[in-house]
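Here is the structure we will look at.
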Amino acid sequence: MRRFLVVLAAAAATALAALSVAHAHAASDPYSGGDAASGAKLIQSSGCEGCHGAGFTGGLGPKLIGIEKRLTPAQIAAKIKSPAPPMPNFGFTDKQVADLVAYLSGLDGGTGKPVVKIVPPQPSGEAMVLVTFTGTPPGDAQVQASMKMGTMQHGTGWTPLQKTADPHTLAAKVFFAMAGEWTVQVRYGSGQEIDVPLNVDG
Amino acid sequence: MADRLTLSRGAVLLGGVSLAAAMSVRRLSPLQAPAAASEAVEVTLTAAPRLFAPFAGISYQGLAYNGSIPGPLLRVRQGQRLRVRYVNRSGGESTIHWHGMILPNAMDGVPNLTQPPAPDGGTFLYDFVPQPAGTRWYHSHVFPQLIKGLFGMIIVEDPHDEHADQDLALVFHDVAKAASVDAAMRGISTAPMVDPFGSPERRAMGPEEKMGDEVGYAAHCINGASYPKTAPILVRVGQRIRLRILNANPTQTRYVRLAGHTLRVTHSDGNPLPQPVEVEALRLGAAERYDAWFEVNKPGAWLLQGLSADPMAFQQAVVVHTPGMEGATPLGSAQSLEGVRSFTYELAGAAQALGTRPRVERVDVRRSYVLGGGRYGSERWTMNGEVWPNTAGVIVRRGDRVEVRFTNKTDMHHPMHLHGHVFEIVEIGGRALRDPLPKDTALVDPNGGTMTWRFRADSPPGRWLLHCHNEIHMMGGLMTAVEYR
């Protein structure tokens, strides 16, 4: 009993230590954890897309898609708080900067791998493909389904994924013309692709 | 003796060059040179085609006075005579209208109403004493030459004006998409709405409403250039700066902010306000001007911006900086008016409670106009159901006190302009203004908005146009005239 208590105490100490490490990490990067939805509104009202190009693909200012892969949140924040001319300083608060960092970091769907869900999971004929991103869904995501028939490849063709009520999820209808072993492919951004095998009943 | 002067293309810098600057030994900023001291100022303005490319990827076949868009900045002293020899090489008939001036009717520049237009290759002599003092402008009155670039600012200096350390002329203008102008003329506009978030135009819309603008614009400029190529304005700590701002856009209202500063507005359309108004943003309907002052209290760099929700709105900006801050990051403003104190007629005129009436005074001629039309697919914009030239005019005798009331039944603002007079706004939306506002152009609110003007018919006799300064609405018929009998 006594030994069990000691183990519990050790576990608690470990958990506390882990928590404090996490806390220290958050404190060292005050610009992570912002609200992407607030950032999106701020981006729109500040007219950022004018200089950084439609869809943030680059213009007078640099491309911002995928910026989270090139810079840390603190580095992105520094670019916003102390910009190089001709970009102006908009005088954003730290909270606003964190929101902007959150939004910009998710422009290409976020750093995490998107989750692909097919409804119904065992379709015969038409199904809905739902793709949930960890960040803001990219504007160029597409889906197609294909199956091999001997040496032939049957495919639906690429269909754009549309916005849904969930801000992280895109969706499109896909029609499976015959039973068999299909592959549902999702592609977005600069060459990212996810393949999901799917058995379609006859 | 008159100074004789012809502005050459080489003398024109960024759309702003004064008559004096071309003659003076001392090199003066093209934005702020004072007028020459002489009995008369003579100038030749030549209109001709010009390729205009203010921003990478934007190249536009426009029209320019003396090779410059905007045309040269003209400055005259109050009482000086102005003789402008107009040489028309625009490729079509043309005139110059002197917007905001009280002048002989034959000098007003309305084709086939006050003068025969100058034919292509022809000339016309404009000869008058510019008055009243203030920030005025000049532009072609032949469609679509204003849209293509035939406009410029003229300042009539008032010797009694308060001293400014710098007096800067800033013309805000835009490059229209030709296809959208054509579509707008057929009543089938597809341009997105670009009024800034938080503007009265946006607030009037429901959340799901998708209203569009008539004309879309490909580029936005100040004095002929787009940011970051606009020429920076150098200011010094302690200076009091006067900005004379014109919205030369042919259809859109423009909001203007200087980051980090409030603006003290002293004049509207060149006319002194009853009292100065302190605001964070100006609101300029098409053809309106404001004189706005600011003080430089500390070193820095700030953006003076035209605000809109257009993705390319950032182009309409210029850096204002103190010495040594040339390369510094300028402080900018969001393209939004949420929580921003903007100039309004009601603020400047101390609007009273709803239901109040303008003060009782003798009125000899009363006229009411319902502004209508503008239905999708129709090019008609009407006054009391008629389009120009079938609209009923305002018939006056010299000396009459005149009241004109507008009720705007359309869903767009109308910047109504009266030639050859300064009127006073005495009522807006059922609220009397305690301090009537002297103007020559005023935005009438949409969706049932009302506005009442009063003026004395004491200008030189003739026919003075009264019309919407949105070029599309004007061409669609929203025009009448005040006629002296």
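Within the stretch A:52-62, is even one residue at the interface with chain B (Cβ under 10 Å from one of its Cβ atoms) and open to solvent by 60 Å² or more (accessible area, probe 1.4 Å)? Yes, that holds for at least one residue.
Restricting attention to the stretch A:141-157, the residues that are of a type in the set (S, T, N, Q) and open to solvent by less than 70 Å² (accessible area, probe 1.4 Å) total 4. Whenever a residue of the stretch B:174-200 is outside the structural domain of B:VAL340 (by TED's automatic domain parsing) and of a type in the set (Gly, Ala, Ser), it has no partner that is part of a strand (DSSP E or B) and open to solvent by 60 Å² or more (accessible area, probe 1.4 Å) lying with C-beta atoms less than 6 angstrom away and at least six residues away or across chains. Within the stretch B:363-396, the set of residues being modelled with pLDDT under 95 and on the phi < 0 side of the Ramachandran plot comprises B:ARG375, B:TYR376, B:SER378, B:GLU379.
Tell me, which residue of the stretch A:106-119 that is touching a residue at least 40 places away in the same chain (Cβ under 8 Å) and over 8 Å from the mean Cα position of the chain (by Cα) is nearest to A:ALA54 (Cα to Cα)? So the residue we want is A:VAL116. Applying the criterion of being at pLDDT 90 or above and among the β-branched types (Val, Ile, Thr) to the residues of the stretch A:180-200, the residue that is nearest to A:SER105 (Cα to Cα) is A:VAL186.
The numbered conditions (1) of a type outside the set (Ser, Thr, Tyr); (2) in contact with a Pro (Cβ under 7 Å, 6 or more places away or on another chain); (3) modelled with pLDDT of 90 or more are all true for B:ASP213 except (3). If you go through the stretch A:30-46 and keep only what is modelled with pLDDT under 85, assigned to a loop (DSSP other than H, G, I, E, B) and surrounded by 15 or more Cβ atoms within 10 Å (Cβ to Cβ), you end up with A:PRO30, A:SER32.
Residue-wise test of (1) more than 24 Å from A:GLY139 (Cβ to Cβ); (2) open to solvent by 70 Å² or more (accessible area, probe 1.4 Å).
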{"site": "A:THR159", "(1), (2)": "no, no"}
{"site": "A:THR164", "(1), (2)": "no, no"}
{"site": "A:PRO167", "(1), (2)": "no, yes"}
{"site": "A:ALA172", "(1), (2)": "no, no"}
{"site": "A:MET178", "(1), (2)": "yes, no"}
{"site": "A:GLU181", "(1), (2)": "yes, yes"}
{"site": "A:GLY189", "(1), (2)": "no, no"}
{"site": "A:VAL196", "(1), (2)": "no, no"}
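So which residues in the stretch B:453-485 are of a type in the set (Asp, Glu), more than 20 Å from the chain's Cα centre (by Cα) and not in a loop (DSSP other than H, G, I, E, B), if there are any at all? Matches in the stretch B:453-485: B:GLU483 only.
Of the residues B:LEU82, B:LEU51, B:LEU63, which single one is at pLDDT 85 or above, under 30 Å from B:ALA313 (Cα atoms), crowded, with 22+ Cβ neighbours inside 10 Å and not acidic (Asp, Glu)? Being at pLDDT 85 or above, under 30 Å from B:ALA313 (Cα atoms), crowded, with 22+ Cβ neighbours inside 10 Å and not acidic (Asp, Glu) holds for just one of B:LEU82, B:LEU51, B:LEU63, which is B:LEU63.
Quick grid of which residues meet (1) assigned by TED's automatic domain parsing to the domain that holds A:MET178; (2) within 15 Å of the chain's Cα centre (by Cα); (3) closer than 30 Å to B:GLU326 by Cβ:
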position: A:ILE76; (1), (2), (3): no, no, yes
position: A:SER82; (1), (2), (3): no, no, yes
position: A:PRO85; (1), (2), (3): no, no, yes
position: A:VAL97; (1), (2), (3): no, no, yes
position: A:PRO121; (1), (2), (3): yes, no, no
position: A:MET128; (1), (2), (3): yes, no, no
position: A:THR132; (1), (2), (3): yes, yes, no
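Restricting B:HIS220, B:HIS267, B:HIS261 to residues that are more than 14 Å from every other protein chain (Cβ to nearest Cβ), of a type outside the set (Gly, Ala, Ser) and touching a residue at least 24 places away in the same chain (Cβ under 8 Å) narrows the list to B:HIS267.
Here the strands (runs of 3 or more DSSP E) wholly within the stretch B:212-314 that include at least 3 residues being within 16 Å of the chain's Cα centre (by Cα) are B:217-222, B:240-247, B:254-258, B:263-268, B:281-284, B:289-295.
Considering B:GLU280, B:GLU295, the condition of being away from chain A (no Cβ under 14 Å) and among the charged types (D, E, K, R) is satisfied by B:GLU295 alone. Summed over the stretch A:73-130, residues that are within 14 Å of another protein chain (Cβ to nearest Cβ), open to solvent by less than 60 Å² (accessible area, probe 1.4 Å) and small (Gly, Ala, Ser) total 2.
Name the residues in the stretch A:80-94 that are within 10 Å of A:TYR31 (Cβ to Cβ) and in contact (Cβ under 8 Å) with a residue 24 or more places away in the chain, would you?
Answer for the stretch A:80-94, where residues must be within 10 Å of A:TYR31 (Cβ to Cβ) and in contact (Cβ under 8 Å) with a residue 24 or more places away in the chain: just A:ASP94.
The values are calculated or read from the model by the stated rules, or taken from the named source; none is laboratory data. None of the values given here were measured: they were computed from a predicted structure. Positions of Cβ are generated from backbone atoms using ideal geometry, with glycine treated the same way; all protein chains shown enter the neighbour counts. In case anyone asks, the SASA skips ligands and DNA or RNA and just uses the protein heavy atoms, side chains included. Shrake-Rupley method; radii C 1.70, N 1.55, O 1.52, S 1.80 Å.
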